[in-house]
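Notes for the one structure printed next.
Values in this text are rule-based calculations from the coordinates and carry no lab data. Everything numeric here is computed off the predicted structure, so don't read it as measured data. FYI the Cβ positions are ideal-geometry reconstructions off the backbone, even for glycines, and counts take in every protein chain you see.
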Amino acid sequence: MDIRSVGVVGAGQMGNGIAHVFALAGYDVILTDVNEAALSNAVATIDRNIERQVSRGKVTADDKAAAMARITTTLKLAEVGPCDLIIEAATERETVKQAIFDDLLPHLKPHTILTSNTSSISITRLASRTDRPEKFMGFHFMNPVPVMQLVELIRGIATDQETWDAMHAVVRKLGKTAASAEDFPAFIVNRILMPMINEAVYTLYEGVGSVKSIDESMKLGANHPMGPLELADFIGLDTCLAIMNVLHDGLADTKYRPCPLLTKYVEAGWLGRKTQRGFYDYRGETPVPTR
């Protein structure tokens, strides 16, 4: 299966990172979003991030120019329909993702492969709403996409071998490593990572440690590059809560119950770096713990 054109739905942090790596790998990329400002910001971010790679000698100026020329943007979802591969990278809400696939269906080519960058939602369930469950997969990139080497490949119950092989080949062309995950809530990375973050929030909630002491303990005591609360802010507390809810609902085990303090932060709109406040306050020159 020869994949040349790639549609990316959603121009946020994940979407622009996905567009970035595909364009550098030689694919023609169409990036779409419902917000024109988001598209403009995405292209500016991609330009800035590839320029950083140029300055570090990882890519050439010619590579950058060619990659940027391969990226086009559109507000019309239908225009990504004819692509060989479509990657949905919208917000982590199943109703939103289902609506996107519903709107795409009339515009797809017979051979188009559909994928979702979901970090936790059932691939089998998303695929069942389309006309091509055999050509549907989970294609989960890690954040930040240009830096992180792993891609989780998740096969739904109906995914065929040709689609699976094609996605493995794409990951290799991107210069990344594929990890095969079964279609269970949160797959591999977030099945392990999110309960750890949730437990760190419980540790804060119960007064066992402060934000600073919890993060320093895991960085210096477990050699983690980021503390769990700092990492939660980077991911987005709303995303962390959504994944914990998927785990709790999907596996029906109380060990996945989201910490009430995590819920409270999300209710306050303190979602982490993207809103300037979470477990840290980012409005000054140096992040300051909020608890």
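Values as computed for the structure displayed
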| read-out | value |
| --- | --- |
| For residue 73: the one exception among (1) outside any loop (DSSP other than H, G, I, E, B); (2) in contact with a strand residue (DSSP E or B) (Cβ under 7 Å, 6 or more places away or on another chain); (3) surrounded by fewer than 23 Cβ atoms within 10 Å (Cβ to Cβ); (4) free of Cβ contacts under 8 Å to residues at least 60 places away in the same chain | (4) |
| For residue 154: the one exception among (1) part of a strand (DSSP E or B); (2) among the aliphatic types (A, V, I, L, M); (3) under 19 Å from residue 26 (Cα atoms) | (3) |
| Counted residues, region 51-70 - those being surrounded by 15 or more Cβ atoms within 10 Å (Cβ to Cβ) and under 28 Å from residue 104 (Cβ atoms) | 3 |
| Residue within region 211-229 that is within 30 Å of residue 128 (Cα to Cα) and not in a loop (DSSP other than H, G, I, E, B) present | no |
| Which listed residue, of 231, 220, 251, is buried (at least 17 other Cβ atoms within 10 Å of the Cβ) and of a type outside the set (D, E, K, R) | 231 |
| Residues being β-branched (Val, Ile, Thr) and free of Cβ contacts under 8 Å to residues at least 12 places away in the same chain - total across region 77-126 | 2 |
| All positions within region 109-129 that are surrounded by fewer than 22 Cβ atoms within 10 Å (Cβ to Cβ) and either in contact with a Leu (Cβ under 8 Å, 6 or more places away or on another chain) or within 20 Å of residue 39 (Cβ to Cβ) (or both) | 112 |
